[in-house]
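The values are calculated or read from the model by the stated rules, or taken from the named source; none is laboratory data. Everything numeric here is computed off the predicted structure, so don't read it as measured data. Here the Cβ positions follow ideal geometry from the backbone for every residue, glycine too, while neighbour counts run over all protein chains shown.
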Ligand code: SF4
Ligand code: SF4
């Protein structure tokens, strides 16, 4: 049996990207930044279970199953059933699965924990989803006892529809939160970022960077940030490697300017306190490119 892996107590997020494949195709999807190779070659169910069960997590820190769409992993249910009972599980999903089948295999109790936000976070993408059917599923799951919230991204193109859907959900007692759009649209950059020049910048700089997240790619490799994960760049070791340990230190990076918005945006931490950023960056030096 492989030794346990201690997750540092200040870590705020653990993400298992079960697969980057998805059953929808949203035009603003951040996963389009990854090549087609990433949509294949994921760990099998047994391997995910073995890898994730090694983690010794700080109190209240769940493992978030995400993707892509995590439920399209062919062994999704096996993975959830195989994780240690003391590991809390969160799920980021587009909710395209059959909730009746889901409820027969995963009980509301398995996904419930003492937290200020719901363990199932379903995102509404107006471009690719039918609102009525999403809302119906969420109400059904809520009535079954799942802790579930809908999220909508305030993309400038979808803003009116997101706010309309939010009002209609709230009128029925369903929680619907909005998120900033992070990206470029019609020549404008959207999002609130901690470090000036970190995203969508033609000028690339060197820096030192340290993360507060454990990001586990589809093949069990771990990464410093979403930029590295989506580009399969500079992995920090694989969870299936017996000697793997988390190196919680500042590391040199030559990609500042190409950071992924998710890593440098200002957001809530897991205790819902505002002003958190996933990475700390220091000693930014001008650099003429990669
Ligand atoms: S549902 Fe999510 S993962 Fe799937 S295409 Fe849309 S944004 Fe991407
Ligand atoms: S500086 Fe940006 S690209 Fe480099 S490791 Fe940090 S978040 Fe990733």
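The table below lists the values:
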read-out: Unmet requirement for residue 243, which otherwise passes all of (1) in a loop (DSSP other than H, G, I, E, B); (2) free of Cβ contacts under 8 Å to residues at least 24 places away in the same chain; (3) touching a strand residue (DSSP E or B) at 6+ places or on another chain (Cβ under 8 Å); value: (3)
read-out: Segment 266-282, residues that are part of a strand (DSSP E or B) and either within 16 Å of ligand 1 (Cβ to nearest atom) or in contact with a helix residue (DSSP H, G or I) (Cβ under 9 Å, 6 or more places away or on another chain) (or both); value: 279, 281
read-out: Whichever residue in segment 191-228 is within 16 Å of ligand 1 (Cβ to nearest atom), crowded, with 22+ Cβ neighbours inside 10 Å and closer than 21 Å to residue 269 by Cα and, among such residues, is modelled with the lowest pLDDT; value: 226
read-out: Test: residue 86 is free of Cβ contacts under 8 Å to residues at least 24 places away in the same chain, away from ligand 1 (no atom under 16 Å from the Cβ), more than 15 Å from the chain's Cα centre (by Cα) and surrounded by fewer than 17 Cβ atoms within 10 Å (Cβ to Cβ); value: yes
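Quick grid of which residues meet (1) loosely packed, with under 13 Cβ neighbours inside 10 Å; (2) within 24 Å of residue 221 (Cα to Cα):
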position	(1), (2)
247	yes, yes
252	yes, yes
255	no, yes
270	no, yes
275	yes, no
278	no, yes
286	yes, no
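The rows are residues; the columns are (1) part of a helix (DSSP H, G or I); (2) touching a helix residue (DSSP H, G or I) at 6+ places or on another chain (Cβ under 6 Å); (3) more than 10 Å from ligand 1 (Cβ to nearest atom); (4) modelled with pLDDT under 95.
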{"position": "2", "(1), (2), (3), (4)": "no, no, yes, yes"}
{"position": "8", "(1), (2), (3), (4)": "no, no, yes, no"}
{"position": "20", "(1), (2), (3), (4)": "no, yes, no, yes"}
{"position": "24", "(1), (2), (3), (4)": "no, no, no, no"}
{"position": "32", "(1), (2), (3), (4)": "yes, no, no, yes"}
{"position": "38", "(1), (2), (3), (4)": "yes, no, yes, yes"}
{"position": "43", "(1), (2), (3), (4)": "no, no, yes, no"}
{"position": "46", "(1), (2), (3), (4)": "yes, no, yes, no"}
{"position": "50", "(1), (2), (3), (4)": "yes, no, yes, no"}
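Here is a yes/no grid of residues against (1) surrounded by 19 or more Cβ atoms within 10 Å (Cβ to Cβ); (2) in contact with a helix residue (DSSP H, G or I) (Cβ under 8 Å, 6 or more places away or on another chain); (3) under 29 Å from residue 200 (Cβ atoms):
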residue: 111; (1), (2), (3): yes, no, no
residue: 119; (1), (2), (3): yes, yes, no
residue: 126; (1), (2), (3): yes, yes, yes
residue: 141; (1), (2), (3): yes, yes, no
residue: 148; (1), (2), (3): yes, yes, no
residue: 167; (1), (2), (3): no, no, no
residue: 176; (1), (2), (3): yes, yes, yes
residue: 189; (1), (2), (3): no, no, yes
